[in-house]
Amino acid sequence: MSHSLQLFAPPLPPPLSSTRQTPLHTTPHLSLLPRRSPHLQFSLRASSDPSVIVSDSNGVAMSPSSGTSDLSSIEGDAVTEAELRENGFRSTRRTKIVCTIGPATCGFSELEALAVGGMNVARINMCHGTREWHKGVIDRVRRLNHEKGFAVAIMMDTEGSEIHMGDLGGASSAKAEDGEVWTFSVRAFNSTLPEHTINVNYDGFAEDVRVGDELVVDGGMVRFEVIEKIGPDVKCLCTDPGLLLPRANLTFWRNGSLVRERNAMLPTISSKDWLDIDFGIAEGVDFIAISFVKSAEVIKHLKSYIAARSRDSDISVIAKIESTDSLKNLEEIIQASDGAMVARGDLGAQIPLEQVPAAQQRIVQLCRQMNKPVIVASQLLESMIEYPTPTRAEVADVSEAVRQRADALMLSGESAMGQYPEKALTVLRSVSLRIEKWWREEKRYEAMILPSVGNSFAEKISEEICNSAAKMANNLEVDALFVYTKTGHMASLLSRCRPDCPIFAFTATTSVRRRLNLQWGLIPFRLSFSDDMESNLNKTFSLLKARNLIKSGDLVIAVSDMLQSIQVMNVP
Ligand SMILES: Nc1ncnc2c1ncn2[C@@H]1O[C@H](COP(=O)(O)OP(=O)(O)OP(=O)(O)O)[C@@H](O)[C@H]1O
Ligand SMILES: CC(=O)C(=O)O
Ligand SMILES: [K+]
Ligand SMILES: [Mg+2]
């Protein structure tokens, strides 16, 4: 059975043979459609359709009739496929998971355990470790994808030029006790650090601080008061004891306000960051996340740099919202970016903590309205760095981010250096699944007005098609939405609607497929397809049926960016 709603360019197609097809005739200036055969009704052919081009695992096109490779010519994610087979469409996880990779998880088997546990994106933080170390991680993730059928994407996060402490002379931490006097210095120490001494990376530090300022480590983990300045050394009295970690972030406060002197003029992208970005481009990472973004300009600058450097310019730029400036310029920053991260760690050091939840909600909503993926990050399961179970409050925090329907949740220290990375991942996965199911079943999601984001008329039509298809999918309770998309844009438009059913996104390029992995509800597959939707659908059905991912009778709605149509059909 196939029902099809099509927006056709004039001249109108001849009547279709199937009475169940009802082309929607639209205004004559609608000329989006390359004129195609109007035969869209459905029939599954036994033989493979030669108009569908498939490719081998290296992306080399080959004939679909070349033996059994045909049935393996669709590439999906091994973990999602297993989930689909086990639980059916409806209960696949919609919220994506980003894991920061550090010493606890950088080995091949640890990375594999995270991939099996549902990691969609691996994040490497250039604040820590060497480029060689990060290259090792990238190579292992790529090998994992290649050998084991995962589609884990890689996100590189820049250091940015915030003020932070040095390396603690190799120690993993240092304890600052109440009443102790510590020296914060911009001096370069050749040998070991003197006792109770901390290096600061910002040359202007000793000049900018004043006696009486409050020095806050990592957003409040430890606090000091500046008591004396001696040349490059700043003597500070510990007022709130705690653990100092290597390269911890530093802010200083005067009369209750964050001090923004020359440090506010630090470049968002430092010279070291540019080298890291070159490294990321050369390694072909999927996302570059920019720390401490202040304005849209820097994002535009980086995007044009990437476009000039990388052949396909297919690296997405994620703006990290973690400063007062980024909140001030939020809309234009998100508009310029390919996605955003609510980086609550540093954000909570720059605005009062009680303002962080409202900021999170605003950023998540705005991103969805502007059709940009959004990640909620930091301290989601902080206690699991040390303990095998989360606190109830942490579970409530994760639930809230899922309820807000953020695209993705992120683990930081929990997966980078914690004792229970896999357990933390399991908590994110199971809480996401449970909350998604609960809210879906109770239909508790508040509707969101989705403003038009398209610039051209053709883009606006794509948007309307996706909005309508998602609505139909909910009303008809279909099993899955299918989208055939070259750039991934149409898939993201469907994801933005947060429909009740999962979205199978078919795309021809491996990099687009990996990037779609960050977006809510998308199950990306790599499949080379033609402009002929009928043969695409035939092909997809037979490939997915052969892999037990769908079965006859499942109800599916399909859209594509080649053909402006919505088709409703049962899998034959
Ligand atoms: N590549 C790494 N090598 C060593 N330790 C790491 C690495 N990546 C992360 N870590 C550890 O995990 C912790 C949490 O990681 P996370 O990426 O959140 O860093 P962060 O220092 O808090 O900075 P950011 O604000 O950029 O997130 C770090 O403080 C560090 O101790
Ligand atoms: C993730 C990050 O950079 C932060 O929370 O500060
Ligand atoms: K960073
Ligand atoms: Mg940060």
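The values are calculated or read from the model by the stated rules, or taken from the named source; none is laboratory data. If you're wondering where the values come from, they're calculated on a predicted model, not measured in any experiment. Heads up, the Cβs are rebuilt from the backbone with ideal geometry, glycines too, and the neighbour counts pull from every protein chain shown.
Tabulated results
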{"quantity": "Qualifying residues in the range 177-194 (those that are within 13 Å of LYS235 (Cα to Cα) and over 38 Å from the mean Cα position of the chain (by Cα)) - the one surrounded by the most Cβ atoms within 10 Å (Cβ to Cβ)", "calculated": "TRP182"}
{"quantity": "In the range 102-125, the residues that are surrounded by 24 or more Cβ atoms within 10 Å (Cβ to Cβ) and within 16 Å of ligand 4 (Cβ to nearest atom)", "calculated": "ARG123, ILE124"}
{"quantity": "Selection count, the range 242-278, where residues are away from ligand 4 (no atom under 16 Å from the Cβ), more than 20 Å from the chain's Cα centre (by Cα) and surrounded by 14 or more Cβ atoms within 10 Å (Cβ to Cβ)", "calculated": "9"}
{"quantity": "In the range 516-539, residue surrounded by the fewest Cβ atoms within 10 Å (Cβ to Cβ) [restricted to those that are assigned to a helix (DSSP H, G or I) and modelled with pLDDT under 95]", "calculated": "SER535"}
{"quantity": "Which numbered condition ALA491 misses (of (1) among the small types (Gly, Ala, Ser); (2) farther than 22 Å from LEU433 by Cβ; (3) in a helix (DSSP H, G or I))", "calculated": "(2)"}
{"quantity": "Test: residue in the range 313-324 that is within 12 Å of ligand 4 (Cβ to nearest atom), among the charged types (D, E, K, R) and either assigned by TED's automatic domain parsing to the domain that holds LEU275 or under 16 Å from ILE269 (Cβ atoms) (or both)", "calculated": "yes"}
{"quantity": "Residue, nearest to ARG368 (Cα to Cα), within the range 468-481, restricted to residues that are without any contact (Cβ under 8 Å) to a residue 60 or more places away in the chain and out of contact with any helix residue (DSSP H, G or I) (no Cβ under 8 Å at 6 or more places or on another chain)", "calculated": "LYS471"}
{"quantity": "SER383 being closer than 26 Å to PRO267 by Cβ and either more than 15 Å from ligand 2 (Cβ to nearest atom) or free of Cβ contacts under 8 Å to residues at least 60 places away in the same chain (or both)", "calculated": "no"}
{"quantity": "Selection from the range 147-172 of residues that are within 12 Å of ALA248 (Cβ to Cβ), hydrophobic (A, V, I, L, M, F, W, C) and assigned to a loop (DSSP other than H, G, I, E, B)", "calculated": "ILE163"}
{"quantity": "Helices (runs of 4 or more DSSP H) fully within the range 313-418 counting 3 or more residues that are small (Gly, Ala, Ser), within 23 Å of GLY488 (Cβ to Cβ) and in contact with an Asp or Glu (Cβ under 8 Å, 6 or more places away or on another chain)", "calculated": "none"}
{"quantity": "Checklist (1) out of contact with any Leu (no Cβ under 9 Å at 6 or more places or on another chain); (2) not in a helix (DSSP H, G or I) applied to ASP139, failing item", "calculated": "(2)"}
{"quantity": "Residue that is more than 16 Å from ligand 2 (Cβ to nearest atom) and more than 20 Å from the chain's Cα centre (by Cα), where the choices are LYS328, LYS303, LYS372", "calculated": "LYS328"}
{"quantity": "Any hit, the range 126-148, residues being within 16 Å of ligand 4 (Cβ to nearest atom), buried (at least 17 other Cβ atoms within 10 Å of the Cβ) and within 17 Å of the chain's Cα centre (by Cα)", "calculated": "no"}
{"quantity": "Near pairs, Cβ below 7 angstrom, 6+ apart or cross-chain, from the range 237-250 (without any contact (Cβ under 8 Å) to a residue 60 or more places away in the chain) to any residue that is in a strand (DSSP E or B) and among the aliphatic types (A, V, I, L, M)", "calculated": "LEU237/VAL181; LEU237/ILE227"}
{"quantity": "All strands (runs of 3 or more DSSP E) inside the range 176-261 with 1 or more residues being acidic (Asp, Glu)", "calculated": "214-217, 222-230, 233-240"}
{"quantity": "Conditions (1) away from ligand 3 (no atom under 16 Å from the Cβ); (2) at pLDDT below 90; number of the one not met by LEU244", "calculated": "(2)"}
{"quantity": "The range 122-145 residues that are more than 25 Å from ALA248 (Cβ to Cβ), paired with ones that are part of a helix (DSSP H, G or I) and of a type in the set (Gly, Ala, Ser) (beta carbon under 7 Å, 6 or more apart)", "calculated": "LEU144/ALA115"}
{"quantity": "Residue that is modelled with the highest pLDDT, among those in the range 161-171 that are more than 9 Å from ligand 3 (Cβ to nearest atom) and touching a helix residue (DSSP H, G or I) at 6+ places or on another chain (Cβ under 9 Å)", "calculated": "ILE163"}
{"quantity": "Top-ranked residue in the range 149-160 [being within 16 Å of ligand 4 (Cβ to nearest atom) and modelled with pLDDT under 95; ranked as surrounded by the most Cβ atoms within 10 Å (Cβ to Cβ)]", "calculated": "GLY160"}
{"quantity": "Residue within the range 292-312 that is within 16 Å of ligand 3 (Cβ to nearest atom), of a type in the set (Val, Ile, Thr) and either assigned to a strand (DSSP E or B) or not assigned by TED's automatic domain parsing to the domain that holds GLY339 (or both) present", "calculated": "no"}
